[in-house]
Every structure is written in structure tokens, then in C-alpha cells.
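The values are calculated or read from the model by the stated rules, or taken from the named source; none is laboratory data. Everything quoted here is computed from the prediction, not taken from an experiment. When we count neighbours, we look across all protein chains shown, and the Cβ atoms used for this are built from the backbone with ideal geometry, even at glycine. Remember, those area values only see protein heavy atoms, side chains included, never the ligands or the DNA or RNA. Shrake-Rupley method; radii C 1.70, N 1.55, O 1.52, S 1.80 Å.
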Amino acid sequence: LVQTMSGAPSAPLSVTAQSQSPDTVIVAWQTPTETNGDLLGYYIYYQVVGTTDTSRAEAGPNDATYIISGLRPATEYVITLTAYTEGGESERSGEVLVQTMSGAPSAPLSVTAQSQSPDTVIVAWQTPTETNGDLLGYYIYYQVVGSTDTSRAEAGPNDATYIISGLRPATEYVITLTAYTEGGESERSGDVSVRTLSGVPSAPLSVTAEGQAPDTVVVTWQIPTETNGDLLGYYIYYQVVGSTETLRAETGPD
């Protein structure tokens, strides 16, 4: 009796590939029609479409699936398989294409904030280094320093600035940004602090006037409800009833 030597098997059949996460793909196949000896295993070849750098993974002879890990998010790969015996390696299977899922991007860069008016701040930033998919937009989180009440605004994927409005005058805010894709939301950028400009105060309250002498009147009042900044003082306007000539006196904030 004599046994012929093992030969190279035929190629694996029905190769498929499906993305499982931003960095993993599961590859499935069927056993070659002709093993031509004891099947020792499979080689899974994969590379980014358009590149020449090929990686190779290995699966056992009884395997019918293999998970490739460590891939780039939102990236298209081409995958081929071979089977091998002691007699050699098969021809490659037909190519299959698969794109990994989008992942969360890295955080926006170079975030700045500048007050434009008593109730508006303009926020600027740069695109994340890694988008890991199609960037869908940005979230701008802001809150008054010392408070826990956070508000969120949204900017588009092509925006690099955003004006937050409806803020309190002369108030310090802390602002952070995130970017997001279908794969999720990035970590937050570093905090930036900004103080809105001072605004016009509300009117003084409970104003009274009382004559003290033939040529003097004492005026009293209470502080405005909203100072909207550091109060610098008060103007007292007065005129003789029936005349159009108005005079103005000034007093300090205290």
C-alpha cells in the first residue's frame, strides 16, 4: 500500500464579512470542496482598500468564523481567505468588501470662547483629529460657574463657531464641546471660562423725594433688582414742573 502526499486544497467557499463594531469584523466561510489531505487551517488576509499593506490572521481547521480586531473605524477593507494542508496553500477565495462601523470621534480641538455682548458668547473650535466616521455635528455644553444646571446647544458638522445667546450679563460661564458621529459622542474638550459683558441695570426701586429746606430736596431709593454688572452710580434727573429744562446730578453706587 502507498499513500500519495497531501496536496494544496481548493479555496474556501462562501466567504462573507460583516462589521460587528468600529474595530471588529466577523468573517465566515465554508470548507473547501477538495481538502487534498488533512486541513491544517485557514489564512485570513485583509487590507484597507486602496493600500498595499496586507495583514494576515490564522484560524484553525475546524473553524468556520473568525473575528478580526484592531481595525480602523469607518474604513473599508478587502478580505480574502486561503486554506492550507501539509501540501501547501490554496488559491485565494474571491474578495469580499466590508466597512467597519463608525466610532466615536476624538474631542474638538482649540476651543475658545469670547463675550460679544451682555447676553451672547461666541465659541470657536477646530475639527477633531480623528472623526472615525462621518461627523454629524457638535454639542456645546455651558453652565454658570458654580451651578449644576447645564444647557446644551448643537452646531452642524461644518461649523467652526457658534453663538450662545440668552445668557446672563456679567456672569462667568464654563463651556465644553463634544463631537459626534453615528458611532457615538466624543469625550468632552477641556473647559473654557468666559464672562459675559456688563449690561444695563434695571431701574432703582422705591424712589421718594422730600423737601428739607427752601432750596433742598432729599431723594432716596433702593438698589435695582438686576445690576447686570458692577454698579457704578446713579443719575438723578430733576426739573421744574411745567418746564423743559432737565438737570442731572450724580451719586456713587453706595
Give the span of the range 1-107's Cα atoms along each principal axis, as three whole-Å numbers ordered largest to smallest. 70, 25, 18
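Give me the orientation-averaged projected area of the Cα convex hull of the chain, in nm², one decimal.
Dividing the Cα hull surface by four gives the mean projection, 22.1 nm².
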Counting other Cβ atoms within 10 Å, which chymotrypsin sites (Phe, Trp or Tyr not before Pro) in the range 102-143 have at most 12 and lie in a DSSP loop? none
Report the residue, chosen from Val78, Val217, Val200, that carries the largest GNM mean-square fluctuation when the chain is represented by alpha-carbon nodes joined by springs under 10 Å. Val217
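Out of the total accessible area of the chain (probe 1.4 Å, heavy atoms of protein only), what percent is carbon and sulfur?
After summing per-atom areas, the C and S share lands at 47 percent.
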Choose one answer from Ser21, Ser165, Ser243: the residue with the largest mean-square fluctuation in a GNM of the chain with alpha-carbon springs under 10 Å. Ser243
Mind jotting down the distance between the C-alpha centroids of the range 175-240 and the range 1-78, whole Å? 70 Å
When the Cα atoms of the range 170-228 are enclosed in a convex hull and the volume is divided per residue, what value in Å³ results? 108 Å³
Counting only heavy atoms of the protein chains, get the accessible area per residue of the range 66-146 (1.4 Å probe) and round it to a whole Å² value. 47 Å²
As an exercise, identify the GluC sites (Glu not before Pro) in the range 198-254 lying in DSSP coil whose Cβ has no more than 12 other Cβ atoms within 10 Å. Glu245
Which residue, Pro224, Pro214, Pro61, has the most motion in a Gaussian network model of the chain that connects Cα atoms within less than 10 Å? Pro214
Could you give me the radius of gyration and the Dmax of the range 96-192, taking only the C-alpha atoms into account and expressing both in angstrom? 14.8, 60
